[in-house]
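Everything below concerns the one structure shown next.
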């Protein structure tokens, strides 16, 4: 079974990036100009992001 600390909720992603939850939702849906969509899982209404997906997304953003 996978370690749950590798799965982040939108609030946790927002805390890591120092963004609001609304801005994280915008990044997930591709509504932030100049940024690629943030890869996520959807479970019902909940959006979840794997920690390694977030780190990969940050590396992609850093090179731009």
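Since every read-out is calculated from the coordinates, none of them should be taken as a lab result. Because the structure is a prediction, the values reported are computed rather than measured.
Observations, loosely collected:
- Angle in degrees between helix 51-62 and the longest Cα principal axis of the chain, rounded to the nearest 10: 10 degrees
- Computed over all pairs of different Cα atoms, the Kirkwood value for the hydrodynamic radius of the stretch 4-62 is 11.4 Å.
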